[in-house]
Amino acid sequence: MADLGGKAPSVRRVESIRYGLGWNRPGWRRAAVAFSRCLLLAAAVCAAQASGGPGHAAIASAHPLATQAGFEILDQGGNAFDAAVAVSAVLAVVEPQSSGIGGGGFWLLRRAADGKTVMLDGRETAPLAARPDMYLDARGEPRPRASLDGALSAGIPGLPAALVRLSKDYGRLPLAQSLTPAIRHAENGFAVGRRYARAAKDREAALRQSPAASAIFLDRGTAPQAGFRLVQKDLAETLRRIARQEHAGFYGGMTARLLVQGVRDGGGIWQAGDLAGYRVVERAPVRGRYRGIRITSAAPPSSGGTVLLEALNILSAYDLDGMDALTRKHLVIEAERRAYRDRDLYLGDPGFVRMPLSRLLSPDYAEGLRVAIRPDRALPSSALSAPQASSSQGDNTTHFSLIDGEGNLVAATLSINNSFGSGFVPPGTGVLLNDEMDDFATAPGKPNAYGLVGGGANAIAPGKRMLSSMSPTFLETQDRTAVLGTPGGSRIISMVLLAVLDFAQGHGAESWVSAGRFHHQYLPDVVEYEPGGLSEEDIRGLESRGHTLKPTGYRYGDMHAVQWDRVRNRLSAASDPRGEGAAAVK
Ligand code: GLY
């Protein structure tokens, strides 16, 4: 069992336990031990079945302090949903480059007692004064960085509202108790890691433009080194107001006044009504099947689940295990090309656009797409229709996966979009605002920070939620339950797709989080791959089939996953070796 107390846990990456089984007994007692093992295994399975859960908990998150906070709240009698509040809030404090109460996210939930499965949509919304052309100049050209840096790039945050809803409707502890670890880390500070230092260096210029952000996140105006102690007193105060007044502690009263005033002074367009009107939405997740695996994933306004299932539907007719590795990768790329194309064409906020979801997710539609896939040749994206794009990617957003002893599940992907979001903090709040407005099609037909091109379905409108790629996901077979997800902008969906294919091959959580990655998103028409993501043979083979290959030069993603093997009643948890996360079973 991982010791998460105080400092970094002794085993950070992967933990698993087999309940009640002794493995190192003397040989002469082996038969007796084997017999008692069977009894214990049966007892464990019976106990788990009786309670409906594994009897123990597993958490994997992007930061050891967040994983530790989840167990702290479980130890105090909380359930998975209380723990999810604690993990989300601590990530908002200790990983400010990735998520925060100035941002939003999606929490995919399964309540064991009644099987209720729901997606809490805490996505940001466009301010009421937002207009489709708000980031364009008089000639209709995008104003450089207007949707990326500063107060104008921020959508109305959803994360605080989602934490209140999660706690009140699904948790069993008071919100104030679940927020205690986050308030403690904001008040007392913590030592930042290498990822923070790297992201702060990247975003130094934007952070410097906001005096409040610079005072908090930089060290006398300069990006700090790893080990810098980050103390966030204003954020601790804001969290205390949320702990005391719940929703009104952020969306009303003093916090709302400071946020609106700060945003307007910084050149933004928020009004009190934007905050007062923010609502979390409970949505039915998208569901599908792939080779006997039941898949539950994020619904619009995330494109994640839809693109994932469309790609899997295309792949479902192929015997991927029976073919050579190169053809398998080629087909995965061709499936991604088509599913991401439909993302760009059709998807947006369901409150504003009608989407042909049942058609996109139907087997017949997948079959129609499949007939135009050649196993020996890439089809250029230009042959499929739509505008031009270029690529750039951020290393932002965060994810955690959690299962408690009762079998409650949480997969949550949370974001402030690019690293350190907008880089803007309204004075006196400690709240670093997102730059999620860039996830809209800010200039129809032109790419956003991830190279994604959106059309009218994802155009800016007042109160609308911007299209996301975040893909918190559950996978279930007769024997296994998996909870997973990752940050990574538009690459999120292809990373989760590769993890599902790995799960389908019977591999465990450690394999999904660490396997090499490659990605195609329709436009730009290139196959990106991280170092080690494709072999030299793969690269030559894909090029000879007509693909254009592009190395990223760095490893991407930060996947966190837990798995419950229900037959052996064995839990495992794994955090991506690319990151600084912590996974543990307790
Ligand atoms: N901001 C990243 C996403 O929502 O996909």
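If you check Arg165 against the conditions, is it open to solvent by 20 Å² or more (accessible area, probe 1.4 Å), part of a loop (DSSP other than H, G, I, E, B) and not aliphatic (A, V, I, L, M)? First the steps, then the outcome.
Numbers: open to solvent by 20 Å² or more (accessible area, probe 1.4 Å): yes; part of a loop (DSSP other than H, G, I, E, B): no; not aliphatic (A, V, I, L, M): yes.
No; evaluated as a whole, the condition is false for this residue.
Cβ-Cβ under 6 Å, sequence separation 6+ or interchain: first residue in the range 468-483 and among the acidic types (Asp, Glu), partner more than 16 Å from the ligand (Cβ to nearest atom) and modelled with pLDDT of 95 or more. Which pairs?
Partner pairs satisfying both residue conditions: Glu476/Arg294; Asp479/Arg566; Asp479/Val567.
For the range 325-436, which helices (runs of 4 or more DSSP H) that fit wholly inside it have 1 or more residues that are within 29 Å of Val526 (Cβ to Cβ) and within 16 Å of the ligand (Cβ to nearest atom)?
Of the helices (runs of 4 or more DSSP H) lying wholly inside the range 325-436, those with at least 1 residues that are within 29 Å of Val526 (Cβ to Cβ) and within 16 Å of the ligand (Cβ to nearest atom) span 325-346.
Take residues that are over 15 Å from the mean Cα position of the chain (by Cα) and among the acidic types (Asp, Glu) and tell me which of the helices (runs of 4 or more DSSP H) falling wholly in the range 470-586 contain 3 or more.
The qualifying helices (runs of 4 or more DSSP H) are 536-544.
Can you find even one residue in the range 96-114 that is more than 28 Å from Val483 (Cα to Cα) and surrounded by 23 or more Cβ atoms within 10 Å (Cβ to Cβ)?
The answer is no; no qualifying residue exists.
From the list Ile183, Ile156, exactly one residue is crowded, with 24+ Cβ neighbours inside 10 Å and either under 25 Å from Gly227 (Cβ atoms) or in contact (Cβ under 8 Å) with a residue 40 or more places away in the chain (or both). Which is it?
Result: Ile156 is the single residue among Ile183, Ile156 that is crowded, with 24+ Cβ neighbours inside 10 Å and either under 25 Å from Gly227 (Cβ atoms) or in contact (Cβ under 8 Å) with a residue 40 or more places away in the chain (or both).
Considering the range 219-243 alone, what residues qualify as being crowded, with 19+ Cβ neighbours inside 10 Å and aliphatic (A, V, I, L, M)?
Ala223, Leu230, Leu235, Ala236, Leu239, Ile242, Ala243
So, of the residues in the range 112-158 that are acidic (Asp, Glu) and either part of a helix (DSSP H, G or I) or over 19 Å from Gly252 (Cα atoms) (or both), which turns out to be nearest to the ligand (Cβ to nearest atom)?
Result: Asp121.
The values are calculated or read from the model by the stated rules, or taken from the named source; none is laboratory data. Source: prediction; values computed, not measured. Heads up, the Cβs are rebuilt from the backbone with ideal geometry, glycines too, and the neighbour counts pull from every protein chain shown. Just the protein is used for accessible areas: all its heavy atoms, side chains included, with ligands, DNA and RNA removed. Shrake-Rupley method; radii C 1.70, N 1.55, O 1.52, S 1.80 Å.
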